[in-house]
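Here's the structure, in structure tokens; my notes come after.
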Amino acid sequence: MRSFVSILRFSCGFSIVAVGSVIAFLLALPLIPFRTARIKLCNFYGHVVGRAVLFCAGATPVVRNRERIVASMPAIYVANHTSTLDAFISIWLCPYGACGVFKKEAAYIPFFGQLLLLSGHLMLDRQNSGRAIDTLKNVATLMKAKRLGVWIMPEGTRSKDGRLRDFKKGFVHLAIATGIPVVPVVIHGAHRNWPLGPLNFTPMTLEIDVLPAIDTSKWTEATAGDHAAYVHEVLQAGLKEDQRPAAMALAA
């Protein structure tokens, strides 16, 4: 019975994504010359579809200090990543005028991927570091020109056990290039709602904490690794013990 309910939940969510993506795609076509407008249109899509998918998955979100998201715009929002659900949490919370960052493979997701290609949001080739760096440089220029923010999950891929992984430094380079603050967003337990492996949704209250903005105005490229480590420490301190890196959890 639980498997059957999980299939129903997935089917409901997929249908919402499909219909919403088709509508947003058609609306975005006339906006091809206007990237910022396409980004904001897809922000609206994310606010509607992201929240609907959370409902279908049985996740009831409780967001603490959500006002910090809008108050800090433009900013670089850094979230941890343990589940497919995180993508829908991110597009739901991502403020108007902030770009999402997706791996290029997301383009192959039916309906959703085709909208991503048109949306103006970022598609990174994680297998080609040079190309990824060029993409980030280009978006830094766009961010400064249009006062855009960006939402990123710097672990690069989902954590298999829910524990925080090391951060890639792309968000640090963006912060240095733009001078805008970094806002850590802590997602608790999404992997227990939508785990890796066989389809199996577990209804739950999903806690999310938006932490205070971190000033990046004095960050430098020479100490980029230190800045990434500091943001990692701030975010892991906000996590519950079972999601902190194993070494930290044992030391606690």
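The values are calculated or read from the model by the stated rules, or taken from the named source; none is laboratory data. It should be emphasised that the depicted structure is a prediction, and the values quoted were computed from it without experimental measurement. Neighbour counts run over all protein chains shown; Cβ positions are idealised from the backbone, glycine included.
Residues that are charged (D, E, K, R) and buried (at least 21 other Cβ atoms within 10 Å of the Cβ) within the range 35-65 comprise just one, Arg38.
The residue that is farthest from Trp194 (Cα to Cα), among those in the range 138-165 that are part of a loop (DSSP other than H, G, I, E, B) and over 16 Å from the mean Cα position of the chain (by Cα), is Arg147.
Please determine whether any residue of the range 81-96 is within 22 Å of Arg163 (Cα to Cα) and in a strand (DSSP E or B). No - not one qualifying residue is present in the range 81-96. Just one residue in the set Met204, Met143, Met123 is more than 26 Å from Arg64 (Cα to Cα), surrounded by fewer than 20 Cβ atoms within 10 Å (Cβ to Cβ) and either among the aliphatic types (A, V, I, L, M) or in contact with a Cys (Cβ under 9 Å, 6 or more places away or on another chain) (or both); that residue is Met123. Selection of the range 207-248 for residues being touching a helix residue (DSSP H, G or I) at 6+ places or on another chain (Cβ under 8 Å), among the acidic types (Asp, Glu) and farther than 21 Å from Glu67 by Cβ yields Glu221, Glu241, Asp242. Only a single criterion out of (1) in a helix (DSSP H, G or I); (2) more than 19 Å from the chain's Cα centre (by Cα); (3) at pLDDT 95 or above; (4) crowded, with 16+ Cβ neighbours inside 10 Å is not satisfied by Ile176, namely (3).
With the condition kept exactly as written, say whether any residue in the range 222-236 is part of a strand (DSSP E or B), aliphatic (A, V, I, L, M) and at negative phi. So far as the range 222-236 goes, no, none of its residues is part of a strand (DSSP E or B), aliphatic (A, V, I, L, M) and at negative phi.
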